[in-house]
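The values are calculated or read from the model by the stated rules, or taken from the named source; none is laboratory data. Since the model is a prediction, treat every value here as computed from it, not as a measurement. Note that each Cβ is placed from the backbone with ideal geometry, even for glycine, and that neighbours are counted across all protein chains shown. Accessible surface areas use protein heavy atoms only, side chains included; no ligands, DNA or RNA. Shrake-Rupley method; radii C 1.70, N 1.55, O 1.52, S 1.80 Å.
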Amino acid sequence: MILTAATEIKKNIKPGFCLEQNDPNPFKKRTIIKINLPHRTRMTVIITNTYGKVIDKMIENTKDAGTYELEFIAEELPFGTYFCHVVADSFCESKEMELTK
């Protein structure tokens, strides 16, 4: 059963690491997560629920510099709060995402 999908779109390179708030938030079924990498690095992106259970590992490999858009598809997940966690080099950040009816 596929709960999420990642579609990567490399765009213009910006200075510094950045995890933007998913859009839209709150969301119904699908949302976009944007992440900026200032240089080639190993990146891990995971989605967890409020209990810390890993729902999906969207990415876990080396990526080139650029801005990536990941589509999180949550059609079969229960409504509630989820978290997107990004780790790349010494950068580590999380954002709260709200799945609604």
Kindly write out, for the range 57-71 in residue order, the coupling ³J(HN,Hα) from the Karplus curve 6.51 cos²θ - 1.76 cosθ + 1.60 (θ = phi - 60°), rounded to whole Hz, with x marking Gly and Pro.
-> 9, 6, 9, 7, 6, 7, 10, 6, 4, x, 9, 10, 10, 10, 9
With only Lys, Arg, Asp and Glu charged, each at its Cβ (+1 for the first two, -1 for the last two), find how big the charge dipole of the range 50-96 is about the Cα centre; round to the nearest 20 debye.
-> 180
What's the center-to-center distance, using Cα atoms, between the range 24-40 and the range 47-67 in Å?
-> 11
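With +1 on each Lys and Arg Cβ and -1 on each Asp and Glu Cβ, how big is the dipole of the chain about its Cα centre, in debye rounded to the nearest 20?
Numbers: 14 positive and 14 negative charges, 24 e Å.
The dipole of the chain has a size of about 120 debye.
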Taking θ as phi - 60°, what are the ³J(HN,Hα) couplings along the range 19-26 by the Karplus curve (6.51, -1.76, 1.60), each to the nearest whole Hz, with x for Gly and Pro?
-> 10, 7, 5, 4, 9, x, 8, x
Whose amide H sits under 5 Å from the amide H of Met58, counting only residues 5 or more places off or on another chain, with H placed in the peptide plane?
-> Val45, Ile46, Ile47
Checking rank on 61-69, 36-44, with mean other Cβ inside 10 Å and highest first, the result is 36-44, 61-69
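Quick one: with all protein chains in place, what share of the accessible area of the chain is carbon or sulfur, to the nearest percent (1.4 Å probe)? Each step should come with its number before you reach the end.
Working: 2950 of 5780 Å².
Taking all protein chains in place, the chain shows 51 percent carbon and sulfur surface.
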Once the dipole of the chain is set up from charges on Cβ (+1 Lys and Arg, -1 Asp and Glu), the residue from the list Ser94, Phe79, Asn49 lying farthest towards its positive end is Ser94
